[in-house]
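*Asks:* The following block contains the structure, expressed as structure tokens.
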Amino acid sequence: MTLTVVNPATEETIAELEPAGIDEVDEAVARARDAFAAWRAVGVSDRARLLRRLASLVEEHADELARIESENVGKPIAGARAEVAMVGNVFHFYAGAVDKHHGETIPVDGGVDLTFREPLGVCGLIVPWNFPLNIASWKLGPALACGNTVVLKPAELTPLSALRLAELVLEAGIPEGVVNVVAGPGRVVGQRLVEHPDVAKIAFTGSTEVGASVMRGAAETVKRVTLELGGKSANVVFADADLERAAAAAPYAVFDNAGQDCCARSRILVERSAWDRFVELLVDSTSRVRVGDPADEATEMGPLISAQHRETVASYANGNVVFRGNAPDGPGFWFPCTLVEATNADRVAREEVFGPVAALIPFGDEAEAIRLANDTPYGLSGSIWTRDGARALRVARGIDSGVLSVNSNSSVRVATPFGGFKQSGFGRELGMHALESYSEVKNVFVSTEA
Ligand code: NDP
């Protein structure tokens, strides 16, 4: 059986690989297990130096990596380049973090009490197709900084950038066996990683449904698990906001990466008194989103990942459609930007669409805005647009989400914690917080009695 990798913008085959199966996972885990003792013993300066070298190699190969990512995911090249720049920054950050995540001494009777941060062992990193290299780096950086070895499983649809990264890892001088990549189907390769007795932790990003099955599977061997799952985030626009600015930004809060983004603010909640004006501005700004060839520097939105996914997305783009944009005819899995007026009870407002379809929902006052924003099983991100600073903080504290922004749509920064509430998962990636879930606290008491 061959794993055929397709460019979603052209439907052309760009690679054919021999997919990994259970044997390859077992071999990769064995290699990672064998490499663990030596890797955890590498001194902090050397470990940091190796991560810095990896960061530099990513920067040196930025154009190549961005092109791979753009062709394999259908991402606009300018966005792909920004993502690869973040990957370099992530490795630089964790190079700097190697000697800054440490234990403490605790005052106790009769001796000295020390805590140590120990690595966990072999970590299984399961990564989705929407941000393949970025999300891989968010897991690899802290895992390696803490002294773990890893088996990285990219999504079957988008394995190419992870395979190239594995070559750069070796070129950086990180020893063989520390980073292993297995490209194969999730239900075989991913599941084996989850069940493997020698894997200490699974860091998973993907759907809530598979995340729940990862949790169940990991329970058998009491693995550590972190889950970064789906979202149905709200973009809350108050009437006192800079409506022009909010409307100019809103399309990119949901249509970036063709809406295939767990942080997509796919529910746009608008205060009723500003509804007409805001919708008019939003339709105008959405009509300007440049959809087309991902290789074109000016393109802002590419195709969806697959024909099957396009069918799913299309099932949400109905009802009271306020705006439907243009998209190329094909080949390619294109889908137009679509705005649908809805209530929070409608399917388009309840389920993660993972495509360029946004639900527009009116609200009456601040209390209703918070209630609607929280009326979802998810809790990943969200935005609040208002000129009233106190209100911004009240609403931010009131929304049960892991990552909120005020008068901005950005969710992800290298140095700040990223992760969800509720069914959006648990555990934090990025920043110093990520190091917590790739290490175990060990306590050592030393008696000082004579
Ligand atoms: P999945 O959750 O199926 O895939 C995510 C990762 O998990 C992939 O590497 C996949 O491998 C792997 N996987 C699949 N099944 C298993 C399993 N049984 N055990 C272990 N690993 C497994 O997401 P989909 O790609 O199917 O996307 C479906 C929906 O999930 C999207 O439409 C979106 O709503 C949501 N999603 C959310 C993401 C996020 O960023 N939070 C990312 C991706 C999807 P493989 O692809 O090779 O099968």
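*Asks:* Report yes if some residue within segment 233-252 is touching an Asp or Glu at 6+ places or on another chain (Cβ under 8 Å), within 13 Å of the ligand (Cβ to nearest atom) and within 17 Å of Phe426 (Cβ to Cβ); otherwise report no.
*Replies:* Checked against the condition, which is being touching an Asp or Glu at 6+ places or on another chain (Cβ under 8 Å), within 13 Å of the ligand (Cβ to nearest atom) and within 17 Å of Phe426 (Cβ to Cβ), segment 233-252 yields no hits at all.
*Asks:* I'm checking my understanding of the structure. Among residues of segment 181-217 that are in contact with a Phe, Trp or Tyr (Cβ under 9 Å, 6 or more places away or on another chain) and hydrophobic (A, V, I, L, M, F, W, C), which one is nearest to the ligand (Cβ to nearest atom)?
*Replies:* Filtering segment 181-217 for residues that are in contact with a Phe, Trp or Tyr (Cβ under 9 Å, 6 or more places away or on another chain) and hydrophobic (A, V, I, L, M, F, W, C), the one nearest to the ligand (Cβ to nearest atom) comes out as Val210.
*Asks:* Looking at segment 271-296 only, could you name the residues that are within 22 Å of Arg371 (Cα to Cα) and crowded, with 18+ Cβ neighbours inside 10 Å?
*Replies:* If the condition is that a residue be within 22 Å of Arg371 (Cα to Cα) and crowded, with 18+ Cβ neighbours inside 10 Å, then Glu271, Ala274, Phe278, Val279 are the ones that fit.
*Asks:* When you go through (1) modelled with pLDDT of 95 or more; (2) surrounded by fewer than 16 Cβ atoms within 10 Å (Cβ to Cβ) one by one for Gln423, which number turns out not to apply?
*Replies:* So Gln423 meets the others, but not (2).
*Asks:* Consider Ser56 carefully, then state whether it is within 26 Å of Val414 (Cα to Cα), exposed (fewer than 14 other Cβ atoms within 10 Å of the Cβ) and modelled with pLDDT of 95 or more.
*Replies:* For Ser56, the condition - within 26 Å of Val414 (Cα to Cα), exposed (fewer than 14 other Cβ atoms within 10 Å of the Cβ) and modelled with pLDDT of 95 or more - is not met.
*Asks:* Still on this model: Examine segment 18-30 for a residue that is at pLDDT 95 or above and closer than 30 Å to Asp329 by Cα, and state whether such a residue exists.
*Replies:* Checked segment 18-30: no residue is at pLDDT 95 or above and closer than 30 Å to Asp329 by Cα.
*Asks:* Which pairs have Cβ atoms under 6 Å, sit 6 or more apart or on different chains, and link a residue in segment 201-222 that is more than 22 Å from Phe131 (Cβ to Cβ) to one that is modelled with pLDDT of 95 or more and near the ligand (Cβ under 7 Å from one of its atoms)?
*Replies:* Gly217/Val194; Ala218/Val194
*Asks:* Here is a follow-up. Report the residue count in segment 130-156 for those that are touching a His at 6+ places or on another chain (Cβ under 9 Å) and either within 14 Å of the ligand (Cβ to nearest atom) or under 26 Å from Ile14 (Cβ atoms) (or both).
*Replies:* Summing the residues that are touching a His at 6+ places or on another chain (Cβ under 9 Å) and either within 14 Å of the ligand (Cβ to nearest atom) or under 26 Å from Ile14 (Cβ atoms) (or both) in segment 130-156 gives 1.
*Asks:* Hey, another quick one. Test Val254 against the stated conditions and say whether it is of a type outside the set (Lys, Arg), surrounded by 23 or more Cβ atoms within 10 Å (Cβ to Cβ), within 30 Å of Gly402 (Cα to Cα) and touching a Ser or Thr at 6+ places or on another chain (Cβ under 7 Å).
*Replies:* Judged against the criteria, Val254 is a match.
*Asks:* Take the conditions under 30 Å from Ile202 (Cβ atoms), within 13 Å of the ligand (Cβ to nearest atom) and among the small types (Gly, Ala, Ser) and apply them to Ser424. Does it pass?
*Replies:* Against the criterion (under 30 Å from Ile202 (Cβ atoms), within 13 Å of the ligand (Cβ to nearest atom) and among the small types (Gly, Ala, Ser)), Ser424 qualifies.
*Asks:* Here's a follow-up. Just give me the residues in segment 99-127 being surrounded by 24 or more Cβ atoms within 10 Å (Cβ to Cβ) and assigned to a loop (DSSP other than H, G, I, E, B), in sequence order.
*Replies:* Listed by number, the list holds a single entry, Val127.
*Asks:* Restricting attention to segment 361-372, does a residue exist that is within 16 Å of the ligand (Cβ to nearest atom), more than 23 Å from Ser411 (Cα to Cα) and out of contact with any strand residue (DSSP E or B) (no Cβ under 8 Å at 6 or more places or on another chain)?
*Replies:* no
The values are calculated or read from the model by the stated rules, or taken from the named source; none is laboratory data. Not measured: the values here are computed from a predicted model. Note that we place each Cβ from the backbone using ideal geometry, even for glycine, and neighbour counts take in every protein chain shown.
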